[in-house]
Structure formats: C-alpha cells, structure tokens
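The values are calculated or read from the model by the stated rules, or taken from the named source; none is laboratory data. Since we're looking at a predicted model, the values are computed, not measured. All Cβ positions, glycine included, derive from the backbone under ideal geometry; neighbour counts span all protein chains shown.
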Amino acid sequence: MGYKKGLRNHDGVSLEENFGELPDNLQDYVEWVRKWIIQKKSEGCVALKIAMAYERSLHFEKVTREQAERVFRLQESDITQEDIRCFQDYLFWKICEIAAEVSLPLQCHTGMGQVIDTNILQLNNVIKNNPETKFVLLHCGFPWVDDLFSIVDGYPNLYPDLTWLPILSYTASKRVMHQLIEMSQIDKICWGCDTWTVEESYGSLLAFRFSLCSVLREKIEDGYLSVNNAKDIIDKILFDNAGKIYV
C-alpha cells in the first residue's frame, strides 16, 4: 500500500504513521522494506503476514522493475489500476525473496476477504517459484478448501494453517483435517486463534479442540488411527509444528 502517500489498508493502518517517510523510488523502497523486516526480526518478530486478500486478487504476476516503478514517475492523477497492480506484484515477489533470505515464514491470508480471486491456487506460481520461502496459508483457503488439497502434497514449503476455520465452519474444518491427515500432511498443519480479545481467543480454542477431537475420534473408531497416533497429532498441530516453523 506504499505506492502513494496517505494510504491506509483495510484495518486503517498507515505505513507513514508506523514507519516514517516513504522512499520516493522503487530501489530505495525495496531496501527500506528489507531494512524494516530485518529490524523487526531482531526485535523478536517470527513471521511476516500478507493480508492483501482484503484489498485485491491473490494473483501476483512476475513483473519487471520498469513496470513496477511507474507509480513513482507518474503524477498521482495519472496512476492507473494496472500501475498499482504492477507495483504490488513486484513488491510481493520481493517480500517472498526477503522472507527466504532472513528465514521468516510468510503467512498469507487466503479465502475470505474481497472474495474475488482470493483462493489458494492464485498463489500457485509464487509458491512454485520461491521454494526457499515458507508459505503459511491461513484459513486453508475457505470456502475453496479443495484448492489446498490440489497443491499441498506438491510443495514442501507450503504449510496449511487452520486459523479461523473452525469458527467459520465446523463442518469444513473437520473435512480439511480428515483429508490432510489422510494425505500425510500431519507434520505441516498449524492452528491459531486469529482473534482480538481474550474471550474470543478462548472461544476459538474451544471450537478448535471440539473439531480436532471429533476428527480424531472418528479416525480411531474407523481403525485409521490408534489412540497414541491421535495424541501425537494433537501435540503436532497444537505445538510441535509451529515450533519448527516459527524458529
């Protein structure tokens, strides 16, 4: 959202209020972003998060530097939606590269948001071409969860995160967990509350525990898992996996 001054994102957050004066050219802007990411990591940041699904499509093309820097050369009144898209696409790919350089997972909000073109498959090309970047796909692309199943097995750098899913749909959360377990993705699944208050966080935990226990009970009753297998899965999803990703 830094293609012009004075902008705020969907949460009302301003870059300038949080990080100071914006650079006026693309090269300095990218280095400015890298500097802040490195500084925040040194202060304890364990991940980057992209919530652009609330602003636009998740289809980020590989554009040239020349295409991206047009927004810095044009008068504000002459900037087109295509210019904005190229700047954002270029910056997103750069952030993917920086995330790999500094070993920070990149959380991507998927699914709900502006809804149009915010499904997981929109990110397929970016994930494929940035194999050293850890992509954590928040909300598993709900309601388009089938997209996750189509690519999760093909990319070792892709991590499905069940955040928010049990609150959005108990049925969908169960289906996703059933299928990810059957696809041997147990070591990659994460969960988080994604809430604003203590009360919401606790309610989110209760919803997830109910959903997870329901899935594991069904798997045990079907003979698919032993009780010890189920206990291992609980430890992995609620603790171990995140501990390995967010190091």
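Tabulated data
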item: Matching residues in segment 77-95 - criterion: being assigned to a loop (DSSP other than H, G, I, E, B) and surrounded by 15 or more Cβ atoms within 10 Å (Cβ to Cβ); result: ILE79
item: Which numbered condition GLU82 fails, given (1) farther than 24 Å from CYS190 by Cα; (2) touching a Ser or Thr at 6+ places or on another chain (Cβ under 6 Å); result: (2)
item: Flag if GLU31 is in a helix (DSSP H, G or I) and either surrounded by fewer than 16 Cβ atoms within 10 Å (Cβ to Cβ) or touching a helix residue (DSSP H, G or I) at 6+ places or on another chain (Cβ under 6 Å) (or both); result: yes
item: Elements of type helices (runs of 4 or more DSSP H) in segment 96-203, at least 2 residues being at pLDDT below 95; result: 165-168
item: Selection within segment 70-95 - polar (S, T, N, Q) and either under 17 Å from ARG34 (Cβ atoms) or at pLDDT 90 or above (or both); result: THR80, GLN81, GLN88
item: Meets criteria (exposed (fewer than 12 other Cβ atoms within 10 Å of the Cβ) and of a type outside the set (A, V, I, L, M, F, W, C)) for GLN39; result: yes
item: Odd one out for MET112, checked against (1) crowded, with 20+ Cβ neighbours inside 10 Å; (2) under 23 Å from LEU206 (Cα atoms); result: (1)
item: Restricting segment 34-61 to residues that are out of contact with any strand residue (DSSP E or B) (no Cβ under 8 Å at 6 or more places or on another chain) and in a helix (DSSP H, G or I), the residue that is farthest from ARG8 (Cα to Cα); result: SER42
item: Tally, over segment 115-138, of residues that are free of Cβ contacts under 8 Å to residues at least 40 places away in the same chain, under 17 Å from ILE245 (Cβ atoms) and either surrounded by 14 or more Cβ atoms within 10 Å (Cβ to Cβ) or in contact with a strand residue (DSSP E or B) (Cβ under 8 Å, 6 or more places away or on another chain) (or both); result: 5
item: Some residue of segment 52-61 being in contact with a Phe, Trp or Tyr (Cβ under 9 Å, 6 or more places away or on another chain), under 17 Å from ILE189 (Cα atoms), surrounded by 18 or more Cβ atoms within 10 Å (Cβ to Cβ) and not acidic (Asp, Glu); result: no
